[in-house]
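For reference, the structure discussed in these notes is given below.
The values are calculated or read from the model by the stated rules, or taken from the named source; none is laboratory data. A quick note: this is a predicted structure, and the numbers were derived from the prediction, not measured. Cβ: placed from backbone, ideal geometry, glycine included. Neighbour counts: every protein chain shown.
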Amino acid sequence: MEEQEVAEQTQAPLHRSIDVDFINGGIYTLDKEGNPFYLVREMNIDHVESNILTDDEKLEILYIRNGKVKSLVMNRSDFTKHGLLRILPSKGIDITDANAPMVHEVLLMLEEQAEHINIHDSVGWYDIDGQRVFLHHDAIGYDQPSEYRGIHNIEPKGTLDEYLQGINDLVIGRYPLELSLVLGLSAPIASRLRKIIGLEVIFVHIYGFSTTGKSTALMLALSTFGYPGKSNNGLQKSWIATYNALIGFLAGVHGIPIGMDEASVRANKDYSNIIYTIAEGKDKARQNQDGVNKNAEEWSGVVISTGENSLLSSSNANQGIRVRNTEIADVTFTDSAEHAEQIKIFAQKNYGHIGVEFVKALQRIDDDELLFAFEKSKASVLDMMPVKDQFTDRIANKFAVIYMTVILANKYLNLTLNKEEVLKILIEADSKQHDDRNLPLKAYEYMKSEISKNINKFIYKADLKGFTTARSYEDQKVIPHSEVIGRILTRAGVDRREGKKRDEDDKKYDAHEFVEVAIISDVFRKMLSDGGFTNSEIILRRWRELGIIETDENKLTKKRTIIPKTKGVRCVIINFDNVFEPEKKKSKKKINDENKLNRTSMLFDEEDDEKETKHAS
């Protein structure tokens, strides 16, 4: 059977039939006597678009204006008599109250006769009519063709063979570039796993000097699914864009990599909120002008950022930021400037092919098989991570996606990527971030520094027994002349870690003297906040678990009298004798040396320490 006959049999039946003629730039119908009657200027409907995600329809109307063919796209919801009267006159079309009903009928007839096409304006994985579909330039896995009408330039260019040749010649064997390629290919896997296990968006920031090839690495990653540049609607966006522009760029993307280039242009900006939002994969809830909640924009997959500086250095100190953002610092991606240029040229001439081929292979893998491969990869990743903490499991989830992508890409795309070397780069990056993620330790060291800087604001003279309100504070040299924010004293009577009394003649307990600092609670919280530690509750709870602070029952603070002869106030009581270090063995000598350093860093002299000891009880 001929294709034309098939098309005729499958075409929807026509329900309207009106005798019209197109004569001299006008539409004519017949009056009651059967004579040609002018109705309106010539129009036709070129095609009808149906969005396979929303089922919304649009029509493209062609009309003549000043001797030229013009086009107008209308929402199907406006395709009523009143809608036509509201929209068409502004385009010079002579529709009026008198002829509007007949014009509407004629256009409805032309709509039935027009070509109907499917379109989509989002990209990545979607469930459509019970089918798992990957939306790209076409709808992969859908039973009908569909055209992409979104904001990203993802129409493939060049050929897959030329792209693979460029990969083999310029990328394979250069492990940082292999990682870049895999980051791009891992986006559809990360997106599918979001639906299966709730995986966060994989957010990677590459930073370092401009000569390291990081921008080239970004272009390589993005070329897997589309045009890799910032211009021409490419998959890159500059960090200088507004928050709404960045979110709009990510919205509806579920499985292709997105790039954010040149973070350095946002100098002195706090990246905390945007990092949280990107990794969460969902914008904050909003309301329309009527106060009705709008559906929040969502995305999933992989986001890659570049810049000359760390994003974490321009963010608050919360652990959550450090878990959500993997930073790769000062890695050289390209061999030379010429090598970088060669990669950029082939990536801009051939793009969007390899990602589509990879997705077609992933379509043949069901969710159970994908999850099994992920869990197996995660076990391998955990075995190879030498440094672990409470966040290792979450980080291993992301690394496992990249690791399994190498394995699957080698299998289905006939590549020879080195999974161990690719993972090694990620693990080295994580090891550098490990200490930075230990928020209680960072806060502990930060507070020691802040107390030393503000030592003149603490009451630290030991002998307060003779204090009297009858004489001025200044005469007694007890109260600081400036703002008072707390009190400091040293204790030497008890070894808190072993619960033993100190023998005055036994010098082995000298190292266990500790400094007790009582800081007014509100002042403490402000100090932490100023240092970028926005959640003091988490820090205090962890300190309480470790014995760093003394508290009243069921509280994180304790009442203390700061200024003599006044009422007690809520304070954070910090003991600076604790060994608060990452989990690793240390020699007794090193512990003792560090404890001595903790005591002397408070800028006390020996005379004051001795006086304080007498009255510690």
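If I ask for residues that are surrounded by 19 or more Cβ atoms within 10 Å (Cβ to Cβ) and either assigned to a helix (DSSP H, G or I) or not aromatic (Phe, Trp, Tyr) (or both), which ones from segment 141-163 would you list?
Matches in segment 141-163: Ser146, His152, Asn153, Ile154, Pro156, Tyr163.
I need the full set of residues from segment 103-135 which are in contact (Cβ under 8 Å) with a residue 40 or more places away in the chain and assigned to a helix (DSSP H, G or I), in order please.
Val103, Glu105, Val106, Leu107, Leu108, Met109, Leu110, Glu111, Glu112, Gln113
Can you tell me how many residues in segment 25-72 are part of a loop (DSSP other than H, G, I, E, B) and either among the hydrophobic types (A, V, I, L, M, F, W, C) or in contact with a Leu (Cβ under 8 Å, 6 or more places away or on another chain) (or both)? Lay out the reasoning, then the answer.
Initial filter on segment 25-72 (part of a loop (DSSP other than H, G, I, E, B)): 25, 31-35, 42, 52-56, 66-67.
Then drop every residue that is not either among the hydrophobic types (A, V, I, L, M, F, W, C) or in contact with a Leu (Cβ under 8 Å, 6 or more places away or on another chain) (or both), which leaves 52-53.
Residues meeting the conditions: 2.
If you check Glu33, Glu105, Glu60, which single one turns out to be acidic (Asp, Glu) and under 25 Å from Arg149 (Cα atoms)?
Going through Glu33, Glu105, Glu60 in turn, the sole match is Glu60.
Scan segment 183-199 for residues that are surrounded by fewer than 24 Cβ atoms within 10 Å (Cβ to Cβ) and either closer than 20 Å to Leu222 by Cβ or in contact with a strand residue (DSSP E or B) (Cβ under 9 Å, 6 or more places away or on another chain) (or both) and report the count.
3
Considering each residue of segment 543-574, count those that are in contact with a Pro (Cβ under 8 Å, 6 or more places away or on another chain) and at pLDDT 85 or above, and give that number.
Here the count works out to 1.
Could we say that Phe358 is under 30 Å from His137 (Cα atoms) and modelled with pLDDT under 95 here?
Against the criterion (under 30 Å from His137 (Cα atoms) and modelled with pLDDT under 95), Phe358 does not qualify.
Taking Leu220, is it within 25 Å of Val406 (Cβ to Cβ) and more than 16 Å from the chain's Cα centre (by Cα)?
On the way: within 25 Å of Val406 (Cβ to Cβ): yes; more than 16 Å from the chain's Cα centre (by Cα): yes.
When the stated conditions are applied, Leu220 passes them.
From Asp94, Asp127, which residue is surrounded by fewer than 19 Cβ atoms within 10 Å (Cβ to Cβ) and modelled with pLDDT under 95?
Checking each option against the conditions leaves just Asp94.
For segment 72-85, give me each residue that is loosely packed, with under 12 Cβ neighbours inside 10 Å and not hydrophobic (A, V, I, L, M, F, W, C).
Within segment 72-85, Ser77, His82 meet the criteria.
Among the residues of segment 430-447, count how many are part of a helix (DSSP H, G or I) and crowded, with 18+ Cβ neighbours inside 10 Å.
Residues flagged as part of a helix (DSSP H, G or I) and crowded, with 18+ Cβ neighbours inside 10 Å within segment 430-447 amount to 11.
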